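Remarks on the structure that follows.
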Amino acid sequence: MATRQTMTAGRILVAPSVILLFAFMLAPLVRTLYFSTLHYNLLDGSVPQFLGFQNYVDFLSDPNFIDSLVNTLILVLSVLVISVGGGIFVALLMDQQVVGLNILRLMVIAPFFVMPTVSALVWKNLLMNPESGFFLWITRSLHLPAPIWFTNWPMLSVIFIVSWEWLPFASLILLTSLQSLDLEQQEAAVLDGAGAIPYFFYIVLPHMARAITVVILIETIFLLGVFAEILVTTNGGPGDATTNITFLVYKQALLDFDVGGASAGGIVAVVIANIAAIFLMRIVGKNLEA
Amino acid sequence: MGSIELQQVRKSFGSVNIIKGVDLQIKDGEFVVFVGPSGCGKSTLLRLIAGLEDVTGGKIVIDGKDATERGPAQRGLAMVFQSYALYPHMSVRNNIAFPLKMAKASKEVIDAKVARAAGTLNLTDYLDRRPGQLSGGQRQRVAIGRAIVREPSAFLFDEPLSNLDAALRVQMRLEIGELHKTLKTTMIYVTHDQVEAMTMADKIVVLDLGAIAQVGAPLDLYNRPDNLFVAKFIGSPTMNIVKGPSADKRGADCVGIRPEHTDISTTAGEWPGTVRIAEHLGSETFVYVDVDGIGPFTVRVDGEAPLHASDRVFLTPRESRLHRFNAAGARIAA
Ligand SMILES: Nc1ncnc2c1ncn2[C@@H]1O[C@H](COP(=O)(O)OP(=O)(O)O)[C@@H](O)[C@H]1O
Ligand SMILES: [Mg+2]
């Protein structure tokens with residue numbers, strides 16, 4: 001399918017979307033780049049002034065930056081581990097023949113359809129509420145000390161919420177992969193004497209490698225930008241305990257009204273996301289070939 | 001060791017009876033072929049023996065011990081699947097080594113056995129490739145290699161050649177035959193192709209709708225089919241079946257005569273008819289005749305026969321080669 005004609009036709013056909021994409025991506029990006037070189041604060045009313053790289057220097061040398069970078073990494077990695085690990089587990093369970101499977105599947109998928117602000121609110125007000133939450137009821141019933149979730153374990157709480165949102169996505173993709181495993185291959189493995197555990201590690205996991213890669217890539221892109229859940233629950237706090245890069249940029253732009261600094265932060269975030277993407281492609285992207 | 005005995009084995013899926021009470025004895029070292037039309041339960045019977053399906057009733061005895069309740073891995077049998085069922089992410093080496101790894105064999109043992117199997121199957125140069133990089137015939141050999149290294153008491157093949165092209169099929173057929181001669185291990189081979197069955201088997205089991213129609217050596221089935229089903233299934237082109245006065249005269253409901261056991265003449269004979277088509281293949285000629293009052297009839301003539309469409313001909317069966325069947329389709333002994 002790669003004659004010169006089809007390639008030319010292909011280029012012409014994708015041109016409109018590429019142009020649109022560039023227009024919508026490039027214009028804001030260029031403008032952000034421009035703002036990031038200015039002293040431009042909405043509070044002091046001064047005329048924007050060209051600063052060169054000073055905003056970048058300030059942003060990168062801000063102690064909050066390193067903290068928020070670490071927070072971002074902790075959040076992304078924890079959610080990846082929980083959602084992929086849990087997703088494999090859920091997929092294995094859903095692959096069994098049980099009664100009410102369709103309803104079960106629907107319930108498993110449901111959280112994915114809840115928008116982030118809403119799910120964060122549900123967790124904050126119904127589950128983790130320090131006076132009336134469901135978790136409080138559980139710990140009380142077990143006569144355990146009751147934590148104030150967002151105060152005592154702020155990062156863990158955010159990780160729980162975000163993992164809960166992404167677990168269905170991972171489960172669904174991994175289940176699809178699991179169901180495409182050839183039945184005769186499974187029988188061959190049984191005949192070859194593979195018990196459940198070797199079967200999982202030698203046959204199932206390698207088969208799912210590609211799907212796991214896709215889940216990791218897609219989730220990482222979205223997890224680098226987690227925002228609503230933090231805004232709704234901890235507001236980046238206590239202190240800076242749950243401030244990730246996205247939230248730091250938000251603080252600068254909309255709490256400190258420092259447009260120049262926030263723009264520099266935004267560009268740094270874009271660079272970090274790209275580094276992560278290249279890194280991931282290198283490590284796991286080879287699974288996508290062949 | 002690899003004797004297998006089936007006693008009244010039955011299998012139903014839900015309310016549908018697929019295997020209807022099969023009794024069969026397979027001796028150690030025999031090459032047994034299950035043959036029958038598509039859907040007659042060959043694969044199901046093989047899977048019952050392998051332990052991939054539970055029997056609904058009856059007993060499976062392997063090497064004198066009841067294996068009905070044993071799991072597939074505990075029966076000491078190896079199976080080669082129609083789709084090969086290779087592990088796509090493992091190299092050929094690891095595919096072949098997999099059963100040994102699962103049996104926790106030592107690295108030296110694994111290496112030695114894999115090398116030997118690869119040598120036998122001409123796979124030595126491909127050990128580091130993935131299955132996806134092999135041709136159909138090579139994949140088939142890897143699947144066989146994976147079975148060989150386990151040193152099973154019997155091999156089970158489920159239509160192993162049906163995904164190969166005609167030339168390769170003939171070659172693999174010979175290779176599997178040679179393998180059997182070298183290993184002298186019991187083999188059960190499923191096919192719907194009666195040519196494969198005739199050429200490979202020590203013993204053929206013809207299945208019809210989940211029951212055994214006949215068991216016997218290839219030429220026994222050819223020369224003395226027990227019933228109409230086997231008579232029509234074994235042999236190519238199929239046996240001609242004649243009803244009516246010619247059958248009554250011989251004291252049968254119908255008589256069967258193979259195309260190669262019918263004489264054709266342009267002057268005189270028992271059944272007059274008209275040639276529809278004559279296929280001249282050089283070494284032999286197939287003549288399709290419309291016999292008056294009987295219908296289509298096939299005759300095979302050695303060499304070149306000077307016959308053409310719409311010639312009038314007379315057919316005469318060789319009496320000693322005639323098969324007689326009663327109304328129930330069973331053979332009437334001579
Ligand atoms: N798992 C199953 N569930 C229900 N019916 C089945 C199952 N496996 C096979 N059958 C039925 O059993 C019959 C015999 O199948 P099979 O043994 O595969 O035939 P074949 O002789 O072509 O190998 C078929 O009619 C098929 O539809
Ligand atoms: Mg079959």
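What follows is calculated from the coordinates using simple rules that are stated; it is not laboratory data. Treat the numbers as computed from the prediction; the structure is a model and nothing was measured. Backbone-built Cβ (ideal geometry, glycine too); neighbour counts: all protein chains shown.
Roughly what % of DSSP beta bridges within the protein assembly as shown run antiparallel, to the nearest 5?
Working: 55 of 73 bridges.
Taking every DSSP beta bridge within the protein assembly as shown, about 75 percent pair in antiparallel fashion.
Counting residues in chain A as N, plug N into 2.2 N^0.38 Å and put the Cα Rg over that result.
Working: Rg = 23.4 Å, N = 290, 2.2 N^0.38 = 19.0 Å.
This ratio for chain A stands at 1.24.
Relative to the globular-protein estimate of 2.2 N^0.38 Å, the Cα radius of gyration of segment B:194-236 stands at 1.00. The orientation-averaged projection of the convex hull spanning the C-alpha atoms of the protein assembly as shown amounts to 44.1 square nanometres.
Can you give the local net charge around residue B:191? Use residues other than it whose beta-carbon is closer than 13 angstrom to its beta-carbon, Lys and Arg +1, Asp and Glu -1.
-1
Cross-link reach is defined here as a Cα-Cα straight distance under 19 Å, omitting same-chain residues fewer than 8 places apart; for residue A:251 the aspartates and glutamates meeting it are A:44, A:58, A:62, A:67, A:229, A:240.
With the convex hull drawn over the C-alpha atoms of segment B:116-167, the volume per residue is 94 Å³. Candidate membrane-span-like segments in chain A, meaning DSSP H helices with Cα atoms spread over at least 30 Å of their own axis and a Kyte-Doolittle mean of -1.0 or above, are A:4-35, A:63-94, A:154-179, A:259-284, with no membrane implied. The calculated FRET efficiency for the pair residue A:144 and residue B:116, based on their C-beta separation and a Förster distance of 60 Å, comes to about 0.45.
Under a Cβ-Cβ cut-off of 13 Å, what is the net charge of the residues other than residue B:137 that fall near it, where Lys and Arg count +1 and Asp and Glu count -1? Don't skip to the end; give the middle numbers.
Numbers: positive: B:139, B:141, B:169, B:173; negative: B:165, B:175.
Spelling it out: positives minus negatives among the neighbours equals +2.
Using the Cβ of residue A:44 as centre and a radius below 15 Å, the other residues enclosed give a net charge of -2, where K and R count +1 and D and E count -1.
Within segment A:146-185, the percentage of alpha carbon pairs spaced more than 15 angstrom apart rounds to 59%. Using Cα springs under 10 Å in a Gaussian network model of chain B, which residue among B:26, B:234, B:294 shows the largest mean-square fluctuation? Taking springs between Cα atoms under 10 Å, the residue moving most is B:294.
Counting only lysines at least 8 places from residue B:107 when in the same chain, those with an alpha carbon closer than 28 Å to its own are B:184.
So what is the relative contact order of chain B, in percent, for Cα pairs below 8 Å that sit 6 or more residues apart?
17
For the residue pairs B:11/B:101; B:27/B:232; B:203/B:232, the alpha carbons lie more than 29 Å apart in B:11/B:101.
Note down, for segment B:1-134, the three equivalent ellipsoid semi-axes (square root of 5 times each alpha carbon gyration tensor eigenvalue), biggest first, whole angstrom. Don't jump to the answer; show the numbers that get you there.
Numbers: eigenvalues 209, 62, 39 Å².
So the three semi-axes of segment B:1-134 are 32, 18, 14 Å.
Which value results for Rg/Rh of segment B:4-230 when Rg is the Cα radius of gyration and Rh the Kirkwood radius based on the inverse mean 1/r? List each step's numbers first, then the result.
Working: Rg = 17.6 Å, Rh = 18.1 Å.
Radius of gyration over Kirkwood radius for segment B:4-230 works out to 0.97.
DSSP beta bridges confined to chain B are antiparallel in about 75 percent of cases. Residue-normalised convex hull volume from the C-alpha trace of segment A:139-290: 156 Å³ per residue. Across segment B:166-257, the volume of the C-alpha convex hull divided among the residues equals 105 Å³ per residue.
Over all distinct Cα pairs, what is the inverse of the mean 1/r for segment B:238-325, reported as the Kirkwood hydrodynamic radius in Å?
Values: mean 1/r = 0.0774 Å⁻¹.
That comes to 12.9 Å for segment B:238-325.
Per residue of peptide A:202-209, the mean number of Cβ atoms on other chains within 10 Å of the residue Cβ is 3.
Over segment B:146-267, Cα pairs under 8 Å with separation of 6+ residues give a relative contact order of 15 percent.
When the helix-only estimate is applied to the protein assembly as shown (DSSP H runs of n ≥ 4, each -39,500 (n - 2.57), divided by the residue count), what is the mean residue ellipticity at 222 nm, nearest 500 deg cm²/dmol? Let's see the in-between values first.
Values: 22 runs with 281 residues, N = 624.
Mean residue ellipticity at 222 nm (helix-derived): -14000 deg cm²/dmol.
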